[in-house]
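Each remark here refers to the structure printed beneath this line.
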Amino acid sequence: MMRFAALCARIAAPPPRNAALARLEHALVLGLAAVAARRLWRLGPMGVVKAVSSALLASVASVAPAAAARAKRAALADIERGIARSMHGDGDADATTALPAAGRPAAAVLDAARRLKRTHDGFASGKQFGGVYHDPNGGLDELQADVFREYNASNPLYPTTFPALRKMEAECVAMVLDMVRGGESACGLLTSGGTESVMIALLAYRERARRADPSRTVFEIVAASTAHACCHKACHYFGLTLVPPDPKTLRLTPAAVAAKLTRHTVAIYASACTFTHGVVDDVPGLAALARARGLGLHVDNCFGGFLLSHLGDRYAGPAWDLSVDGVSSLSCDVHKFGCASKGCSVVAFSDAALRRASYCPRFDGAEGLYVTPTLQGSRSGGVVAQAWATLLHVGRGGFEAKARGLADARDAVVAFVRDRVPELRLLADHDATCPAVVPLGLAPGSPVASVYAVAHHMAARGWNLPTGQKPACVSVLLAYQHAGPLLDALLADLRAAVDAAVAAPDAKLDGELAVYGAADAIPDELLDEACRLYVDVRMAVRGADVGKAAAGP
């Protein structure tokens, strides 16, 4: 501040003898100050803190590298301890780190598996979401298990050896194509999940552009900051460059995209809907832009596909499926609201030529001819068979009833927050959102210090609600099992969690929530390391002393 005051005094002082040079200097200073002010305004308060902390970290590293390294190790060790506590607790006294000397009897192994399953009580109660969208108890679960058992020892890599799997795989794709209103030329592939579906689609756009111009080396995808992280992963794996627009709302608009298009752009990426906010982007407008510029348009429909397709007049948002002229690919997960077991998804294309661009045939190796439909080689035939059985068993009428039930549940949550939880506000337009997501942020003047504190207190009551950032939010994510008596318990606990957050504004957050809560202010270098630590801790087998011997500085 003292330097800033001195600068202001200098600008206001009478010009020296060389007045022309002084005026030029003043103009340059004012111009740089204006640029800096605009940048800080765009960053926002926490962005400024992040920029300053990053600059300080770089400065300390340049003048005292050893001290900076110690500070970085200490910060990461604290993050690792929090993640380790949330995942490993006090450790595992029965950890297995090597093959047993002698095989155990099947009955003993099954008994051990059942004992371990008791640690899933939070999921069994319905409170902990866990990425499973249907009630795992009941007739559908039994059908899936029975069908999986019949096809456990099978492999879709060999379609002539297992012709039933080839038929089931093709029919799963056909049923989804019909659901998302693909035309006669539409086609698709069955993948392991939404991440692989998105990767294959973006790979197809890169390869199509590369074939059209073999000298081309830069390929860009334009997507919103609300795009799923798998879009970023696809760009990392396949050498694509993500060019995110800066939308002023949570819905991606053609104007935001048009400003970012370059000669390197090969496709636009839209969401229907986003995972964090449940928002459906302006797909018709983006499709018109894609047609006008000769670009591909991929719609990430992984999360919302089975719901949006079966809502009927309960959905009032933008059109989003393959019937929209200009949508050239779409990803839709069967293992989400399609009720199938993990992992099963469909990537759909408007024509076979684009799908064909995603293949990677090899004919010059020792094995001779080799080509697979997706990134995978061998796969589980059981996964394909149970997905096929699930779609046949639930049927269109079943999915319509499930979608209506979730729409009713979402309306109840929205009304409850509006009438009973004034500390929070809905972040997205109700008509443009998926009925499974209610994204909540802090209301203006809210006494709650952080929306992540609400998630923290919900976790203490057994719920694991998804959180997001930019803007900070906690999402009430509804699965099919919540469209019933469990909803009343969720709403009561949400009110209690907000009360607890108001009563304890300085409560310390641990684990993932601690990282989320500080992400806006932590330098990207540390966030990158924290994400890598998360995977390291997740894959660790730790003994009973983990609580005492967590990572140190």
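Here is a check on your reading of the model: is Arg356 free of Cβ contacts under 8 Å to residues at least 40 places away in the same chain and either within 30 Å of Asn137 (Cα to Cα) or open to solvent by 50 Å² or more (accessible area, probe 1.4 Å) (or both)? Yes, satisfied. If you check Glu171, Glu207 for being assigned to a helix (DSSP H, G or I) and over 26 Å from Ala229 (Cβ atoms), only one passes: Glu171. On the basis of being of a type outside the set (Phe, Trp, Tyr) and open to solvent by 90 Å² or more (accessible area, probe 1.4 Å), does Asp121 make the cut? Yes, satisfied.
Yes or no: Arg404 within 30 Å of Thr191 (Cβ to Cβ), open to solvent by 10 Å² or more (accessible area, probe 1.4 Å) and basic (Lys, Arg)? Here the answer is yes, as Arg404 does meet what is asked.
Take region 141-168 and flag every residue that is closer than 15 Å to Cys339 by Cα and not in a helix (DSSP H, G or I).
So in region 141-168, the residues closer than 15 Å to Cys339 by Cα come out as 141-145, 147-148.
None; the set is empty.
Could we say that Thr374 is surrounded by 20 or more Cβ atoms within 10 Å (Cβ to Cβ), within 30 Å of Arg208 (Cβ to Cβ) and under 22 Å from the mean Cα position of the chain (by Cα) here? Yes: the conditions hold for Thr374. Note on region 413-436: residues that are within 13 Å of Leu477 (Cα to Cα) and in contact (Cβ under 8 Å) with a residue 40 or more places away in the chain total 5.
Can you name the helices (runs of 4 or more DSSP H) wholly within region 460-553 that have at least 2 residues being over 23 Å from Ile83 (Cβ atoms) and at pLDDT 90 or above? Show your work before the answer.
Working: elements: 486-503, 511-518, 524-538.
Of the helices (runs of 4 or more DSSP H) lying wholly inside region 460-553, those with at least 2 residues that are over 23 Å from Ile83 (Cβ atoms) and at pLDDT 90 or above span 486-503.
Residues that are over 15 Å from Val180 (Cα atoms), open to solvent by 40 Å² or more (accessible area, probe 1.4 Å) and in a loop (DSSP other than H, G, I, E, B) do not occur anywhere in region 295-315. In region 156-201, the qualifying residues are those that are touching a residue at least 40 places away in the same chain (Cβ under 8 Å) and touching a Pro at 6+ places or on another chain (Cβ under 7 Å), and the one that is surrounded by the fewest Cβ atoms within 10 Å (Cβ to Cβ) is Phe162.
Of all the listed residues (Asp213, Asp246), the sole one being acidic (Asp, Glu), open to solvent by 40 Å² or more (accessible area, probe 1.4 Å) and touching a helix residue (DSSP H, G or I) at 6+ places or on another chain (Cβ under 8 Å) is Asp246.
Being over 27 Å from the mean Cα position of the chain (by Cα) and aliphatic (A, V, I, L, M) is true for just one of Ala153, Ala186. Which residue is that? Don't jump to the end; show me each part of the working.
Numbers: Ala186 fails: over 27 Å from the mean Cα position of the chain (by Cα).
Within the list Ala153, Ala186, the selection yields Ala153.
Condition (residue is in contact (Cβ under 8 Å) with a residue 24 or more places away in the chain and of a type in the set (Asp, Glu)) applied to region 332-348: is it met by at least one residue? Checked region 332-348: at least one residue is in contact (Cβ under 8 Å) with a residue 24 or more places away in the chain and of a type in the set (Asp, Glu).
Among the listed residues Gly484, Gly462, identify the single one that is more than 25 Å from the chain's Cα centre (by Cα) and either buried (at least 22 other Cβ atoms within 10 Å of the Cβ) or farther than 15 Å from Pro439 by Cα (or both).
On the way: Gly462 fails: more than 25 Å from the chain's Cα centre (by Cα).
Unique residue meeting the criteria: Gly484.
Within region 260-283, the set of residues being open to solvent by 10 Å² or more (accessible area, probe 1.4 Å), within 23 Å of Leu203 (Cβ to Cβ) and under 15 Å from the mean Cα position of the chain (by Cα) comprises Phe275 only.
Residues that are open to solvent by less than 60 Å² (accessible area, probe 1.4 Å) and over 25 Å from the mean Cα position of the chain (by Cα) within region 342-353 comprise Asp351, Ala352, listed in sequence order. For Phe416, all conditions in the list (1) under 23 Å from the mean Cα position of the chain (by Cα); (2) surrounded by 16 or more Cβ atoms within 10 Å (Cβ to Cβ) hold save one; what is the number of the exception? Unmet for Phe416, out of (1) under 23 Å from the mean Cα position of the chain (by Cα); (2) surrounded by 16 or more Cβ atoms within 10 Å (Cβ to Cβ): (1).
When you check Gly130 against the structure, is it open to solvent by 30 Å² or more (accessible area, probe 1.4 Å) and at positive phi, yes or no? Criteria met by Gly130. Any residue in region 317-340 that is open to solvent by less than 30 Å² (accessible area, probe 1.4 Å), of a type in the set (Phe, Trp, Tyr), on the phi < 0 side of the Ramachandran plot and in a strand (DSSP E or B)? No; the residues of region 317-340 include none that is open to solvent by less than 30 Å² (accessible area, probe 1.4 Å), of a type in the set (Phe, Trp, Tyr), on the phi < 0 side of the Ramachandran plot and in a strand (DSSP E or B). Put simply, of Ala112, Ala153, Ala95 the only residue that is loosely packed, with under 13 Cβ neighbours inside 10 Å and either small (Gly, Ala, Ser) or closer than 26 Å to Ala459 by Cα (or both) is Ala153. The selection criterion, being in a loop (DSSP other than H, G, I, E, B) and without any contact (Cβ under 8 Å) to a residue 60 or more places away in the chain, does not hold for Ala66.
The values are calculated or read from the model by the stated rules, or taken from the named source; none is laboratory data. Predicted model only: the values in this text are computed from it and were never measured. Virtual Cβ from ideal backbone geometry, glycine too; neighbours counted across all protein chains shown. For the accessible areas, the whole protein counts, side chains as well, though only heavy atoms, and no ligand, DNA or RNA atoms are used. Shrake-Rupley method; radii C 1.70, N 1.55, O 1.52, S 1.80 Å.
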